[in-house]
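Some notes on the structure that comes next.
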Amino acid sequence: MSGIAGLAGARHASEDRDLIASMGERLAVRGRDARGTWCDGRFGLAHALLRTTDESKEEKQPLTVDAAAWIAADARIDARRDLVGRLRDAGREARLSDPDAALILHAYHAWGTDCPRHLLGDFAFIIADPPRGRLFCARDHLGVKPLFFASGTDWLVVSNTLDCVRLHSQVSSRLDDSFVCDFLLFGWNTDVTASVFADIRRLAPAHGLEWTDGRLVIRRYWSMTIPDEVRGRSLRDQVDGFREVFETAVEDRLRTDRVVVFMSGGLDSSSLAATALPLLKKRSSQAELRAVTGGYDRIIPDRERHYASEVADCLGIPIDFVVGDDLEFFSASWDSPATQTPEPSERGNLMGSLLHVKACGHSPVVLSGEGGDEAIKPPRNYYRALLRERRFGRWWLDCWRHVWTLRTLPPMGVRTLLYKRALRRLRGIEEPTPQFPDWIHPDLVTRFELRDRWNWFWNMSHADDSRVPGGHWAVTSCLTPTVLDAYSVAETQPPSEYRFPFLDLRVLAYCWSLPPIPMRFGKHLLRVAWEGRLPRTVVRRPKEGLAGDPLLAKEVQFPVSWEQYAQRTPELALYVVAPPAWEQARRAGNPYTIPMNCRPFELASWLHHRRPINQSLSAPWRCRFSRPSHGPV
């Protein structure tokens, strides 16, 4: 992930140059391969490049194609051949060998601020257009790339790195209490436009931002629609069609010879590895695909390592393991300034960080199976929805197809009701349910109506509708952008770029156009598509989550007591009025309460070590007027 930052507004030229230079230095955590700045007196751009595609080998940013408009972009543009053809039809001299930033700038010159409508891929970019007095930014459709901004009456600062925005002298460090409440309750952000700092906002996915002579306009350029169901295709044609569109999505996300895949023993990541391997071999005989897997051998009955090994052996690819049995939760280093993230986050388990370091030791490009559930999940309570909609003929036909094809009874919800509720109650076992915490400050509960927010979060879903894909709500709400933020917002070292083929818009549209029966139940589509190409044990394996909670299996001791946190961080009392009942939660074994009772400790550590922003320059380099300066970090 490359680093980008931009500035608009008339101030003293020397202040702008210093600020852009400082932002360029901050961006070094995003890109290690080149760094550049540009400034013209009203606008400034900074960029730190991470080379992750063939076309970026000689790339330098900020970039211009006509010496009028300049761009700083963190982008991977898909369907490039089609885009180049349309740009040429629009009179632009675009080439297939152009870097992605150049194609975006050509699109801007061809279609103006409507250009994001014509782009496909993962992108966040900032375009400075001095002749029009305009600074224009956009974020991709699903929010894979982050983008933060803050503005005043005559200025705007924007970046994909939170601390860059904080460098502006008019941006305060005042916290957004609603964001902090979201973190404490859910570990999620229910408002996709919020950040932990009240003065800094996120640009929402599928939105563009235009600043022209002090006037700020934000508008949506795209909305997710549900495609019409395409019937009449044979099951074989449905599978072949999926393979074709999925291979296209994966191929667009390769464009380099060394790739790592986060691979569990499940179908999503295994299918991803099986698709990427032949595409890489076709690119180059020197290309390499490597898998990285995390798991546990002793403390919980985890089988991910076993299944992932079977897949790696079947495909003939090397695999590295990160085994978490001996990892210490909330280690002493956890409560140090060096391990803090720009926003409060759940950092107690080091597994994710070690997986990241292991993967990026081989390549900065990492493929993830994130989004597989959203792409292939059937409509919620599909059969009950058909009955409610009085579609009795379709109900009978799909029931017959379900039994004939999947060799199991259709899920009507009866078994779930009996086994998960009635049977457990007869045995005296209570079903674990999320409980609203009693330690959050009552003033916050009242001011932000947190109980209503809590009920909404735990019951959020579309009403049962046989035409709405099961993953549609997650993709179009706060869920998917928040999950993707976890991959991109933290200033990870070494820098990397995560890519998600299942979240390709073409893949989502194709999968959602399939009849729910049988392909979208139990991931039957993937099972048929990879039968004979992946181990039978993996193809036939039922979907299951982690076999246990490592936090329950190990003794956990926080390096700082709650009393010490309360003493050294007085503002903690504004959010938490009593120490969480950590040990009580562990004994109860409630999977919802355990992580929630850890978050006050996470917040306390973050508040105590909250990083100040030093606006002084640590290196004597400045941006040049009229052209960018480029140089190694």
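We did not get these values from a lab; they are worked out from the coordinates using the rules stated. Everything numeric here is computed off the predicted structure, so don't read it as measured data. Methodologically, a virtual Cβ is constructed for each residue, glycine included, from the backbone with ideal geometry; neighbour enumeration extends over all protein chains shown.
Calculate, in nm to one decimal, what Trp400 and Glu544 gain on full extension: separation in residues at 0.36 nm each, minus their alpha carbon distance.
Going from the current span to full extension adds 49.2 nm.
Based solely on its DSSP helices, what 222 nm [θ] is calculated for the chain when runs of n ≥ 4 H residues each add -39,500 (n - 2.57) and the sum is averaged over all residues, nearest 500 deg cm²/dmol?
-10000 deg cm²/dmol
Along the Cα-to-Cβ line of Asp66, 7 Å from the Cα, sits a label point; which residues in the stretch 98-118 have backbone N less than 13 Å from it?
105-113
Net charge within 9 Å of Thr293 by Cβ-Cβ distance, Lys/Arg positive one each and Asp/Glu negative one each, not counting Thr293 itself?
-1
Starting from the 7 Å offset along Cα-to-Cβ, what nm value, one decimal, do you get for the label separation of Arg95 and Arg447?
5.7 nm
Taking the Cα centroid of the stretch 186-249 and of the stretch 527-584, what is the distance between the two, rounded to the nearest whole Å?
28 Å
Cα-based count: Lys pairs in the chain below 25 Å, eight or more positions apart or different chains?
The result is 15.
Expressed in nm to one decimal, what extension gain is obtained for the pair Thr408 and Phe392 from 0.36 nm per residue of sequence separation less their Cα-Cα distance?
3.8 nm
Hey, any idea what the orientation-averaged projected area of the convex hull of the stretch 175-329's Cα atoms comes to, in nm²?
Averaged projected hull area, Cα only: 16.0 nm².
So if each residue of separation counts as 0.36 nm, and I subtract the Cα-Cα distance between Asp326 and Trp188, what length gain in nm does that give?
The span from Asp326 to Trp188 would gain 46.9 nm if fully extended.
Computed from the mean reciprocal separation of all distinct C-alpha pairs, what Kirkwood hydrodynamic radius does the stretch 1-77 have, in Å?
12.6 Å
What's the center-to-center distance, using Cα atoms, between the stretch 253-271 and the stretch 286-365 in Å?
Each part reduced to its Cα centre gives a spacing of 14 Å.
In a solvent-free Debye calculation with one equal scatterer on each Cα, what is log10 I(q)/I(0) for the stretch 3-223 at q = 0.12, 0.13, 0.15, 0.17 Å⁻¹, listed in the order of the q values?
Computed log10 I(q)/I(0) values: -0.60, -0.70, -0.94, -1.21.
If we count every other residue with Cβ under 13 angstrom of Asp213's Cβ, Lys/Arg +1 and Asp/Glu -1, where does the sum land?
Spelling it out: positives minus negatives among the neighbours equals +1.
Given R₀ = 60 Å, FRET efficiency for Thr212-Asp297 by Cβ-Cβ distance, to 0.05?
In this case the efficiency is close to 0.55.
In nm, give the distance between the simple-model label positions of Ser223 and Asn459, each being 7 Å from the Cα along the Cα-to-Cβ direction.
So the two model labels end up 2.5 nm from each other.
For the stretch 228-271, state which trypsin sites (Lys or Arg not before Pro) are in a DSSP loop and have at most 12 other beta carbons lying within 10 Å of their beta carbon.
Arg231
Can you list the GluC sites (Glu not before Pro) in the stretch 31-73 that are in a DSSP coil and have 15 or fewer other beta carbons within 10 angstrom?
Passing sites in the stretch 31-73 are Glu58.
Please compute the modelled spin-label separation between Glu555 and His609, points set 7 Å along Cα→Cβ, answer in nm with one decimal.
Calculated label separation equals 2.4 nm.
Once you treat every alpha carbon in the stretch 324-417 as an equal point and sum by Debye, what is log10 I(q)/I(0) at q = 0.13, 0.17, 0.19, 0.25 Å⁻¹?
-0.72, -0.84, -0.97, -1.38
In the stretch 489-576, what chymotrypsin sites (Phe, Trp or Tyr not before Pro) fall in a loop by DSSP, with at most 15 other Cβ atoms inside 10 Å?
Here no loop site has a sparse enough neighbourhood.
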